[in-house]
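Chemist: Before anything else, here's the structure in question.
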Amino acid sequence: MVAVTDQVDYNVEQTIAVITINNPPVNALSHGVREGIYKGIETASRDDSVTGIVIYCEGRTFIAGADISEFGSAPKEPHLPAVLTLLDQSTKPVVAAVHGTALGGGLETTLCCNYRVATADAKFGLPEVHLGLLPGAGGTQRLPRVVGVEKALSMVTSGAPIGADEALESGLIDMIVKSDLRAEAIAFAIAKSSQGASHPRVRDNQEKLQSAVESPEIFAQVRKMIARKTRGFLAPEYNIRCIEAAVSQPFDEGIKTEGKLFMELMAGPQSRAQQYFFFAERQASKVAGIDKNTPDLPISKVGVIGGGLMGGGIAMNMANVGIPVTIVETNQAALDRGLGIIRKNYENTASKGRLRAEDVETRCGLISGSLEMESLADCDLIIEAVFENMAVKKDIFSRLDQIAKPEAILASNTSALDLNEIANVTSRPESVIGLHFFSPANVMKLLEIVRGEKTADPVIKTCMAFAKRIKKVATLVGVCPGFVGNRILFMRQHQANLVALEGAPVEKVDQVLFDFGFPMGAFQMADLAGLDLGWDKEKSNSETVRDRLCEQDRRGQKTGAGFYDYDEKRRPTPSSLVADLIKDHAEKSGVTRREFSDEEILDRCVLPMINEGAKILDEGIAMRASDIDVVYVYGYGWPIYRGGPMHYANSIGLGKVVEKLRHYQDKTGDDFWTPSPYLVDLAENGKKF
Ligand code: 3HC
């Protein structure tokens with residue numbers, strides 16, 4: 001074995017040159033890998049004793065794509081297209097031997113080989129769209145020539161990988177190996193090289209493009225199909241245009257089109273935000289200050305207190321990954337209702353073909369119900385998910401303290417209450433932690449993990465790892481009212497309410513937020529959550545618009561009316577009654593009403609989020625700015641192509657943010673707008689979050 005570069009080895013076995021890539025963790029196409037492949041191909045071409053070439057990877061996976069961490073800096077030669085051109089032009093047959101995931105540039109590398117063989121669990125995909133990009137090394141031109149236009153469109157617009165069986169069926173691979181990938185790939189290469197000098201090249205294959213030449217309406221259909229899901233994103237459309245080019249242009253022209261559109265995306269803000277977010281998400285799971293030898297606590301049985309919407313959703317997370325879970329309710333009717341809703345949810349998924357009937361039974365079988373908290377005595381993790389009332393939560397935790405085994409983790413799903421106060425009613429506050437799931441808990445990816453004053457390191461470490469196990473993205477936050485997510489949201493809602501009071505129609509405020517990229521505006525979101533969250537009927541005295549709406553039983557979607565009127569399908573229409581009520585409330589409160597521009601509405605809603613994020617960082621409630629962004633993208637639908645509030649602030653420029661905050665402070669005379677000293681400090685020193 002000869003080292004070509006630090007990451008690539010070369011050796012000849014029988015008559016086959018094996019280029020072995022070893023660039024952990026995912027064999028990304030870093031500079032040394034590109035150079036190694038290039039030199040390896042050159043060496044093999046020059047060696048007359050070599051009759052074929054195998055590209056093989058050590059470690060857990062085949063090449064998982066270009067090295068994203070190199071994207072920000074000037075690329076070093078050889079560039080990927082040059083490496084792949086050399087590969088494509090090899091006169092000796094090249095076999096890609098794939099295990100793990102051949103993604104992005106990794107799959108594009110295989111498409112420049114003459115043959116592809118893979119293990120049965122290998123996966124193949126072009127996920128560039130998730131980075132705001134398109135496959136820029138020939139993927140959009142070659143993939144449709146192999147799997148057909150329809151499948152290629154689906155793969156590039158969704159970014160979702162396909163498995164080895166599907167790859168074999170669609171012609172993407174030639175063989176699934178039985179046991180030893182390397183040896184079987186070499187044998188395959190020997191067999192092919194002995195069959196003659198002519199070997200298939202993907203670029204020459206026009207056949208699978210033919211159906212789209214005859215029926216170009218497929219492109220319009222795909223655009224229509226993905227329009228809702230991809231609203232605001234540039235990359236899906238650019239990917240489609242490239243595949244259109246594959247069909248309508250000669251190969252080399254198509255490659256040029258792909259290259260041009262790739263560079264446009266790469267230079268744009270969306271891709272920058274999405275690349276940033278790729279690393280932000282992975283960074284979020286890392287906790288500084290916790291020794292890596294800290295023990296993990298075993299979690300094999302979970303208890304959930306409360307079988308409502310939240311508790312049920314939480315329980316489903318456990319069952320989905322095979323963990324038995326017991327739900328405790330206070331009465332049989334509530335328990336039956338909760339378990340019934342879970343079953344219905346699973347059955348709905350099955351009816352859409354996304355779950356097998358037997359899985360519905362397996363998962364329901366993992367969820368048991370009980371009316372006795374004592375039945376949680378053998379649980380490793382117990383999650384309280386009852387409504388937001390401190391007295392009730394304290395009562396539950398003091399009872400749990402008596403019941404739970406000593407090593408159990410006791411978690412609260414509180415979304416805003418003081419976790420330390422809850423922990424301190426137990427004799428073991430070090431075992432208490434916040435696990436704040438987002439509704440619907442079986443769908444939303446975010447888990448805010450709240451570290452109390454006394455929460456022990458093993459409890460934190462275990463919960464961070466557990467989040468991954470139940471397929472959540474976790475961020476670790478500290479205790480303050482509303483933690484990171486809701487604390488920031490309170491600021492947005494406060495301003496949205498004021499802007500509406502000062503004259504902007506509710507639906508206009510929501511439209512501006514929707515156009516920015518949120519899935520819904522502030523008032524639609526409030527209606528969805530329920531306007532009576534934290535509202536007290538006994539104490540209500542028409543002091544706020546919300547009080548007045550709740551007093552009229554307009555408590556949000558669930559009552560068919562809130563800021564909007566809702567039909568039976570929960571579709572909103574603006575309400576003239578609400579518009580009049582807000583106007584009346586403004587008059588009674590002495591607020592002068594006026595018109596608002598879209599820009600001012602956006603500023604008033606979004607700038608306070610950034611300012612609050614700065615305060616949160618200053619107080620050490622979040623570990624890093626990127627964690628706040630992860631909370632916002634996965635918990636509140638902040639458009640990922642804008643990276644999250646802190647990345648967005650960086651992209652506007654922190655100096656500009658401070659200037660705008662001061663502008664609104666002057667304009668409104670409200671200290672609410674005072675910029676956080678931490679933010680001012682960063683801005684004055686030309687720094688970023
Ligand atoms: N470049 C640089 N680093 C990468 C990387 C890449 N393409 N893919 C993964 N990594 C790093 C991660 O940042 C992480 O680093 P860390 O341990 O320091 O946090 C480490 O590898 C492991 O990654 P994951 O935690 O994500 O590991 P998983 O096992 O859960 O997933 C994976 C592995 C499926 C390969 C996943 O990492 C992934 O989807 N990676 C991105 C794949 C991708 O987007 N490829 C296309 C790149 S763009 C491209 O190829 C352009 C071309 O068309 C020109």
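The values are calculated or read from the model by the stated rules, or taken from the named source; none is laboratory data. Quantities reported herein were computed from a predicted structural model and do not represent experimental measurements. For neighbour counting, all protein chains shown are included, and Cβ atoms are generated from backbone atoms with ideal geometry for every residue, glycine included. Heads up: the accessible areas ignore ligands, DNA and RNA and are worked out on the full protein's heavy atoms, side chains in. Shrake-Rupley method; radii C 1.70, N 1.55, O 1.52, S 1.80 Å.
Chemist: How much length would be gained if the chain were fully extended between I290 and S45, taking 0.36 nm per residue of separation minus their Cα-Cα distance, in nm to one decimal? If you can, show how the numbers build up before the last one.
Modeler: Values: separation 245, 0.36 × 245 = 88.20 nm, distance 5.12 nm.
Gain on stretching I290 to S45: 83.1 nm.
Chemist: Under 12 Å from the Cβ of D580, count the other residues' Cβ atoms, weight Lys and Arg +1, Asp and Glu -1, and hand me the total.
Modeler: 0
Chemist: Moving on to the next point. Which shape class, rounded, prolate or oblate, goes with segment 164-292 when its Cα gyration tensor gives a ≥ b ≥ c as root eigenvalues, a/c under 1.5 marks rounded, and past that a/b bigger than b/c marks prolate? Let's see the in-between values first.
Modeler: Numbers: a/c = 2.18, a/b = 1.14, b/c = 1.91.
Cα axes put segment 164-292 in the oblate bin.
Chemist: Now a separate question. Which FRET efficiency, nearest 0.05, do D336 and S248 yield, Cβ-Cβ r, R0 41 Å?
Modeler: Efficiency for this residue pair is about 0.10.
Chemist: Ranking request for peptides 184-197, 602-615: highest mean number of other beta-carbon atoms within 10 Å first, then the rest in descending order. Write out the running numbers ahead of the final one.
Modeler: Numbers: 184-197: 17.4, 602-615: 23.5.
So the order, starting with the most tightly packed, is 602-615, 184-197.
Chemist: Hey, can you find the accessible area per residue of segment 338-473 for me, probe 1.4 Å, expressed in square angstrom?
Modeler: On a per-residue basis, segment 338-473 sits at 44 Å².
Chemist: Here's a follow-up. Find out how many positive minus negative residues lie around I41, taking Lys and Arg as positive, Asp and Glu as negative, among other residues whose Cβ is under 13 Å from that of I41.
Modeler: Value of the local net charge: 0.
Chemist: Relative to the longest principal Cα axis of the chain, at what angle does helix 357-366 sit, 0 to 90 degrees, rounded to 10?
Modeler: Helix 357-366 and the main axis of the chain meet at about 50 degrees.
Chemist: Quickly estimate the mean residue ellipticity at 222 nm for the chain, helices only: each DSSP H run with n ≥ 4 gives -39500 (n - 2.57), and the total goes over all residues, rounded to 500.
Modeler: Per the formula, -14500 deg cm²/dmol.
Chemist: Using a probe of 1.4 angstrom, how much of the accessible area of the chain is carbon and sulfur, in percent?
Modeler: Carbon and sulfur atoms account for 52 percent of the accessible area of the chain.
Chemist: Can I ask one more? Report, by chain and number, residues whose modeled amide H sits under 5 Å from the one on I327, excluding near sequence neighbours (fewer than 5 apart, same chain).
Modeler: Result for I327 returns V304, S368, G369, S370.
Chemist: In whole Hz and in residue order, list the ³J(HN,Hα) couplings for segment 380-390 that follow from phi through the Karplus curve 6.51 cos²θ - 1.76 cosθ + 1.60, θ = phi - 60°; x for Gly and Pro.
Modeler: Using θ = phi - 60°, the values come out as 8, 9, 10, 10, 7, 9, 9, 5, 6, 9, 4 Hz.
Chemist: Each residue of segment 460-474 in order: what ³J(HN,Hα) in whole Hz does its phi give by Karplus 6.51 cos²θ - 1.76 cosθ + 1.60, θ = phi - 60°, with x for Gly and Pro?
Modeler: Ordered by residue, 3J(HN,Hα) equals 5, 4, 4, 5, 4, 6, 4, 4, 4, 4, 8, 6, 9, 9, 9 Hz.
Chemist: Still on this structure, I have one more. What size of dipole, in debye to the nearest 20, comes out for the chain about its Cα centre when the only charges are +1 on Lys and Arg C-beta atoms and -1 on Asp and Glu C-beta atoms?
Modeler: Numbers: 77 positive and 90 negative charges, 113 e Å.
Here the chain has a charge dipole of around 540 debye.
Chemist: A82 to S198: FRET efficiency via 1/(1 + (r/R0)^6), r the Cβ-Cβ distance, R0 25 Å, to the nearest 0.05?
Modeler: On the way: r = 25 Å, r/R0 = 0.99.
That gives a FRET efficiency of 0.50.
Chemist: Let me ask something additional. For segment 598-684, rounded, prolate or oblate, judged on the Cα gyration tensor with a ≥ b ≥ c (square roots of eigenvalues), a/c < 1.5 rounded, else prolate if a/b > b/c? Write down the numbers at each step before the final one.
Modeler: Numbers: a/c = 1.80, a/b = 1.30, b/c = 1.38.
Note, shape of segment 598-684 comes out oblate.
Chemist: Related question: Considering only protein heavy atoms, what per residue accessible area in square angstrom results for segment 1-119 with a 1.4 angstrom probe?
Modeler: Spelled out: the 1.4 Å probe surface of segment 1-119, per residue, equals 37 Å².
Chemist: Compute the distance from the alpha-carbon center of segment 585-629 to that of segment 291-306, in whole Å.
Modeler: 37
Chemist: Nearest 20 debye, what's the magnitude of the dipole of segment 171-265 about its Cα centre given +1 on Lys and Arg Cβ and -1 on Asp and Glu Cβ?
Modeler: 380
Chemist: By how many degrees, between 0 and 90 and to the nearest 10, does the Cα long axis of helix 309-320 differ from the longest principal axis of the chain?
Modeler: 30
Chemist: So what J values fall out for segment 564-579 if you push phi through Karplus, 6.51 cos²θ - 1.76 cosθ + 1.60 with θ = phi - 60°, rounded to Hz, Gly and Pro as x?
Modeler: 10, 8, 10, 8, 5, 8, 6, 8, x, 10, x, 10, 5, 4, 5, 4
Chemist: Summing Lys, Arg as +1 and Asp, Glu as -1, what charge do residues with Cβ under 13 Å from the Cβ of S198 carry, S198 excluded?
Modeler: +2
Chemist: Excluding residues fewer than 8 places away in the same chain, name every one of the lysines whose C-alpha is closer than 26 Å to that of K151.
Modeler: Those lysines meeting the cut-off are K123, K208, K224, K229, K256, K260, K352.
Chemist: Where the eigenvalues come from the Cα gyration tensor of segment 302-481, what are the semi-axes √(5λ) of the equivalent ellipsoid, largest first, in whole Å?
Modeler: They are 26, 18, 14 Å, listed largest first.
Chemist: Give the shape of segment 320-422 as rounded, prolate or oblate, defined through the alpha-carbon gyration tensor: a ≥ b ≥ c are the square roots of its eigenvalues, a/c under 1.5 means rounded, and otherwise the shape is prolate if a/b is larger than b/c and oblate if not.
Modeler: Details: a/c = 2.14, a/b = 1.88, b/c = 1.14.
Prolate, since a/c reaches 1.5 and a/b exceeds b/c.
Chemist: What is the calculated FRET efficiency for A267 to E684, with r their C-beta to C-beta distance and R₀ = 35 Å, to the nearest 0.05?
Modeler: Between A267 and E684 the formula returns 0.75.
Chemist: Same structure again: In whole Å and largest first, what semi-axes does the C-alpha gyration tensor of the chain yield when each eigenvalue is scaled by 5 and square-rooted?
Modeler: On the way: eigenvalues 491, 194, 123 Å².
They are 50, 31, 25 Å, listed largest first.
Chemist: Given segment 2-260, report the % of alpha carbon pairs whose separation exceeds 29 Å.
Modeler: That fraction is 26 percent.
Chemist: For a quick check of understanding: with a 1.4 angstrom probe and all protein chains in place, what accessible area in square angstrom does E430 have, to the nearest ten?
Modeler: Around 80 Å² of this residue is reachable by solvent.
Chemist: Ok, one more. Hey, can you grab everything whose amide H is under 5 Å from the amide H of E13? Only 5+ residues off in sequence or another chain; H modelled, so Pro and N-termini drop out.
Modeler: V18
Chemist: Ranked from highest to lowest mean number of other Cβ atoms within 10 Å per residue, what is the order of the peptides 662-670, 232-240? It would help to have the intermediate numbers written out before the result.
Modeler: Values: 662-670: 12.8, 232-240: 21.3.
The densest-packed peptide leads the list: 232-240, 662-670.
Chemist: Further, regarding this structure: Could you tell me the distance between the Cα centroids of segment 145-223 and segment 503-547, to the nearest Å?
Modeler: Using only Cα atoms, the two centres lie 51 Å from each other.
Chemist: Another question about this same structure. So, with +1 on the Cβ of K and R and -1 on the Cβ of D and E, and no other charges, what is the size of the charge dipole of segment 486-588 about its Cα centre, to the nearest 20 debye?
Modeler: The calculation lands at about 280 debye.
Chemist: Next question. Counting only heavy atoms of protein chains, what accessible area per residue, in Å², does segment 242-287 have with a probe of 1.4 Å?
Modeler: 48
Chemist: What percent does the relative contact order of the chain come to when contacts are Cα pairs within less than 8 Å and at least six residues apart?
Modeler: With pairs under 8 Å counted, the relative contact order is 9 percent.
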